[in-house]
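The values are calculated or read from the model by the stated rules, or taken from the named source; none is laboratory data. Just so it is clear, the structure is predicted and the values come from calculations on it, not from any experiment. Ideal geometry is used to build each Cβ from the backbone, glycine not excepted, and the neighbour counts take in all protein chains shown. Just so you know, the surface numbers come from the protein's heavy atoms only, side chains and all, with ligands and any DNA or RNA stripped out. Shrake-Rupley method; radii C 1.70, N 1.55, O 1.52, S 1.80 Å.
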Amino acid sequence: MTATAPREQGAELLPLLREVGFPPTSAGEHDESAPDVDRKAAVLALAERLTGIRDTESLLQDGT
C-alpha cells in the first residue's frame, strides 16, 4: 500500500463531496453561490460512501 499525497486525496474526495450535496469548487473551496444543503444528512451520506457501511436508524441509536 502506498501513501497518497494530500492533494491527490482531496482530488478523490471532491466528486464524493459533490455527490452527497456539498458544493466545493474545483479548487476545493466552498461555493458561496450554491444552494443550501442539509449538512448532517450530507455528512452521513459521505461517511456511508467512505466506509461502505449503510447508516441505519438502529446503527445510529445502538452503535458504540
Tell me which residues, restricted to the stretch 19-42, are open to solvent by less than 100 Å² (accessible area, probe 1.4 Å) and either of a type in the set (Phe, Trp, Tyr) or free of Cβ contacts under 8 Å to residues at least 12 places away in the same chain (or both).
22, 24, 25, 27, 30, 31, 34
Within the stretch 17-49, how many residues are in a helix (DSSP H, G or I) and either within 20 Å of residue 59 (Cβ to Cβ) or small (Gly, Ala, Ser) (or both)?
12
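Given the structure, is residue 7 open to solvent by 70 Å² or more (accessible area, probe 1.4 Å), outside any loop (DSSP other than H, G, I, E, B), at pLDDT below 85 and basic (Lys, Arg)?
Values: open to solvent by 70 Å² or more (accessible area, probe 1.4 Å): yes; outside any loop (DSSP other than H, G, I, E, B): yes; at pLDDT below 85: yes; basic (Lys, Arg): yes.
Criteria met by residue 7.
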Within the stretch 45-55, can one find any residue that is at pLDDT below 80, of a type in the set (A, V, I, L, M, F, W, C) and surrounded by 12 or more Cβ atoms within 10 Å (Cβ to Cβ)?
no
